[in-house]
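Worksheet: one structure, shown below.
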Amino acid sequence: EAGVAQSPRYKIIEKRQSVAFWCNPISGHATLYWYQQILGQGPKLLIQFQNNGVVDDSQLPKDRFSAERLKGVDSTLKIQPAKLEDSAVYLCASSLDSGVGQYFGPGTRLTVL
Amino acid sequence: SQQGEEDPQALSIQEGENATMNCSYKTSINNLQWYRQNSGRGLVHLILIRSNEREKHSGRLRVTLDTSKKSSSLLITASRAADTASYFCATHSAGGSYIPTFGRGTSLIVHP
């Protein structure tokens with residue numbers, strides 16, 4: 001069974017630029033999560049989708065971050081414009097349903113200069 | 001603030017010893033999950049314990065849950081150098097949607 005795929009693995013941009021991350025969850029998984037993990041901290045949930053609907057986005061900085069999950073499968077997370085404090089690893093995870101164990105992708109390491 | 005908080009923040013032991021890390025949370029939960037994260041990699045799901053369970057085992061892992069104290073512990077027996085990683089607990093709060101919340105993690109180093 002293929003795992004959660006994310007791209008790119010690494011991205012370096014300058015502040016005020018835009019960046020987009022892509023996630024392909026495990027086939028059949030209804031729930032998809034985007035997390036931000038700052039060095040030395042635990043993952044912080046940014047947005048949770050159930051199929052193509054948003055379950056929770058209370059911690060998503062909506063003035064600069066946006067996410068979508070078209071057709072309830074792949075998802076993209078965008079930052080526009082980026083700030084220095086957005087430097088982190090962005091993790092995508094999926095699960096069969098909400099409330100059960102999640103499968104994580106390898107993450108995208110973003111550096112904002 | 002984060003729901004789950006792991007303790008200790010860092011743990012250093014010798015191979016063969018047992019490692020115990022704890023997680024405390026604040027509100028009622030439906031379940032609690034433990035994850036491992038090796039340096040620079042994604043998280044791996046280890047075990048899920050439901051609110052009506054008190055103990056679960058998986059290989060060398062033993063998880064306990066005390067809902068009266070709002071705490072859980074993860075015990076790794078006969079540790080190996082390969083167990084070196086960060087360990088996180090994640091809680092799903094009771095009622096409403098299952099929104100996962102992670103703690104800051106325990107960094108475990110197992111010396112060969």
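Throughout, read-outs are computed from the coordinates displayed, never taken from laboratory work. In this text, all values refer to a predicted model and were calculated from it rather than measured experimentally. When we count neighbours, we look across all protein chains shown, and the Cβ atoms used for this are built from the backbone with ideal geometry, even at glycine.
The order of B:H45, B:H57, going from fewest to most other C-beta atoms within 10 Å of their C-beta, is B:H57, B:H45. The gain in end-to-end length when the A:V100 to A:K71 segment is fully stretched comes to 8.2 nm, 0.36 nm per residue minus the alpha carbon separation. Report, in whole Å, the centroid distance computed from the Cα atoms of the stretch A:14-56 and the stretch B:50-112. Taking the Cα centre of the stretch B:50-112 as reference, the centre of the stretch A:14-56 is 23 Å away.
Using the Cβ-Cβ distance between B:E53 and B:A10 with R0 = 25 Å, the FRET efficiency computed as 1/(1 + (r/R0)^6) comes to roughly 0.30. Specify which residue in the list A:S18, A:L96, A:N51 is farthest towards the positive end of the charge dipole of the stretch A:1-107, using unit charges on the beta carbon of Lys, Arg (+1) and Asp, Glu (-1), about the Cα centre. It is A:S18.
What the Cα convex hull of chain B gives, in volume per residue, is 95 Å³.
Among the GluC sites (Glu not before Pro) in the stretch B:1-96, those located in a DSSP loop and surrounded by at most 16 other Cβ atoms within 10 Å of their own Cβ are B:E15, B:E17, B:E53. Using C-alpha pairs under 8 Å with a sequence gap of at least 6, the mean separation divided by the residue count of the stretch B:5-111 gives a relative contact order of 38 percent.
The charge dipole of chain A, taken about the Cα centre with unit charges on the Cβ atoms of Lys, Arg (+1) and Asp, Glu (-1), comes to about 380 debye, rounded to the nearest 20. Under 14 Å from a label point set 7 Å out along the Cα-to-Cβ vector of A:R16, the amide N atoms of the stretch A:57-101 belong to A:81-84. Here the Debye sum runs over all C-alpha atoms of the protein assembly as shown as equal scatterers in vacuum, and log10 of I(q)/I(0) at q = 0.08, 0.17 Å⁻¹ comes out as -0.28, -1.22. The mean number of Cβ atoms from other chains found within 10 Å of a Cβ in peptide A:32-45 is 4, as a whole number.
Across chain A, the relative contact order, built from alpha-carbon pairs under 8 Å that are at least six residues apart, equals 37 percent.
If R0 equals 22 Å, the separation of the Cβ atoms of A:V54 and B:N30 corresponds to a calculated FRET efficiency of about 0.60.
Across all C-alpha atoms in the stretch B:1-53, the radius of gyration and Dmax reach 13.1, 36 Å. Mean projection of the Cα convex hull over all viewing directions, computed for the stretch A:16-103: 5.5 nm².
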